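Structure, as structure tokens:
The values are calculated or read from the model by the stated rules, or taken from the named source; none is laboratory data. Keep in mind that what you see is a predicted model, and the values were worked out from it rather than measured. Cβ coordinates were reconstructed from backbone atoms using ideal geometry, including for glycine residues, and neighbour counts include every protein chain displayed.
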Amino acid sequence: ANFWRDWHASFNLWIVRYMYVPLGGSKAKVWAIAPIFTFVALWHDIELQLLRWAAVMCCTFVLEVLVGAAVNRSAWLAALAASKRPADVHAYRHL
């Protein structure tokens, strides 16, 4: 059990170091995810089922990023709208 746990940890680290970061890392995570999941699917075996799995994972990940960005943006806009105050109150707010 320890062998496989350690092997998966080192495989994950290798993917992060040599694929995810060179493909742009967190700045380009939507574009980096497709080659990474395709590589992982092909690493396990060249089967159509695994390539479908990679495609589903990529679509799910992109959807998660888009929904997260929309939620964060709406929360940010709501916080910004709530912080609008007259200039004299805003200037002394942190004193």
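Do any residues in the range 18-39 that are on the phi < 0 side of the Ramachandran plot and of a type outside the set (Val, Ile, Thr) have Cβ atoms under 9 Å from those of residues that are at pLDDT 90 or above and assigned to a loop (DSSP other than H, G, I, E, B), where the two are at least six apart or on different chains, and which pairs are they?
Short answer, once both residue conditions are applied: Lys29/Leu23; Trp31/Leu23; Trp31/Gly24; Ala32/Val21; Ala32/Pro22; Ala32/Leu23; Ala32/Gly24; Pro35/Leu23.
What are the pairs with Cβ atoms under 9 angstrom where one residue, in the range 49-68, is over 13 Å from Lys29 (Cβ atoms) and the other, located anywhere, is of a type outside the set (A, V, I, L, M, F, W, C)? Sequence gap at least six, or different chains.
Leu50/His44; Leu51/Thr38; Ala54/Thr38; Ala55/Thr38
Take His44 and decide whether it is surrounded by fewer than 13 Cβ atoms within 10 Å (Cβ to Cβ) and in contact with a Leu (Cβ under 7 Å, 6 or more places away or on another chain). Break it down into steps so the answer makes sense when it comes.
Values: surrounded by fewer than 13 Cβ atoms within 10 Å (Cβ to Cβ): yes; in contact with a Leu (Cβ under 7 Å, 6 or more places away or on another chain): yes.
Against the criterion (surrounded by fewer than 13 Cβ atoms within 10 Å (Cβ to Cβ) and in contact with a Leu (Cβ under 7 Å, 6 or more places away or on another chain)), His44 qualifies.
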